[in-house]
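Taking it in order: structure first as structure tokens, then the write-up.
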Amino acid sequence: FTVGFTGADLENLTNEAALLAARKNRKAITMEDIEEATLKVAVGPEKRSHVITEKERRLTAYHESGHAIVTYYCPDQDKVHQVSIVPRGWAGGFTLALPEKDISYQTKKWMEEEIAVLLGGRVAEALVLDDISTGASNDIERATELARKMVTQYGMSDKLGLMALSTVSNPYLDGSTMMNCADSTSSAADEEIHKLLMDCYEDAKRLLTEHRALLDEIAMYLLTKETITGDEFMTYVNAENK
């Protein structure tokens, strides 16, 4: 559960797990406590008291199902561990994919897949509900930030080539970036970022269109049970692929 966690994250996790075990009058921390504590540290505390309408629940169910299915069908992504429409922290739901080992770098292919995964929720909303919501705002922000880094810092644009167009001004302060290029080149970079985002959006749309029946099944399960584990998710995936 804890690949990529810092020392502070692990300390928070064990403290939370100990509190959970104590509330249930246990003499030792169990894996159930560890998993719940991991979710609390990674995603935030449950907010079951938060009242949401059935329309919002349906939107969230399809949104999170979209993330999960695109994650599965992108070969370089981590395995889906859990999907839930129970509000946690700032989120109305979440899709958690856990890495199996620590890694030191990411490839262009992985980053393109990650953008598609981030946009999978918005795609599912548009595809099924014929409408879109503000629920994808953080996904879009993260996808845009990653696409911008690919184009301006990592030299991954075919059009602009192997050139760093921006630098981080001070990673120990706000981490803001400065463009080190002409205005015309900056405009060309914006066009490349937009193209990358739209290409990844179309990849996610293709996957969810191809697996529309699975999207409906996972969303309906979430509306009934609220949470689906990775194993339960794979049961539906394997049934579709028979």
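The values are calculated or read from the model by the stated rules, or taken from the named source; none is laboratory data. Since the structure is predicted, the reported quantities are computational estimates derived from the model, not experimental observations. No Cβ is skipped: glycine too gets one built from the backbone with ideal geometry, and neighbour counts run over all protein chains shown. What goes into the accessible areas is simple: the full protein's heavy atoms, side chains included, and nothing from ligands, DNA or RNA. Shrake-Rupley method; radii C 1.70, N 1.55, O 1.52, S 1.80 Å.
Annotations
- If you go through the stretch 187-242 and keep only what is under 21 Å from the mean Cα position of the chain (by Cα) and small (Gly, Ala, Ser), you end up with 204, 219, 230.
- Candidate set from the stretch 71-82 (those that are assigned to a helix (DSSP H, G or I) and more than 12 Å from residue 118 (Cα to Cα)); member that is least open to solvent (accessible area, probe 1.4 Å): 73
- Screening residue 68 against (1) assigned to a strand (DSSP E or B); (2) open to solvent by less than 10 Å² (accessible area, probe 1.4 Å) leaves a single unmet condition, (1).
- On the stretch given as the stretch 16-65, residues that are of a type outside the set (Asp, Glu), assigned to a helix (DSSP H, G or I) and loosely packed, with under 13 Cβ neighbours inside 10 Å total 4.
- Of everything listed in (1) modelled with pLDDT of 90 or more; (2) loosely packed, with under 12 Cβ neighbours inside 10 Å; (3) assigned to a helix (DSSP H, G or I), the single unmet condition for residue 8 is (1).
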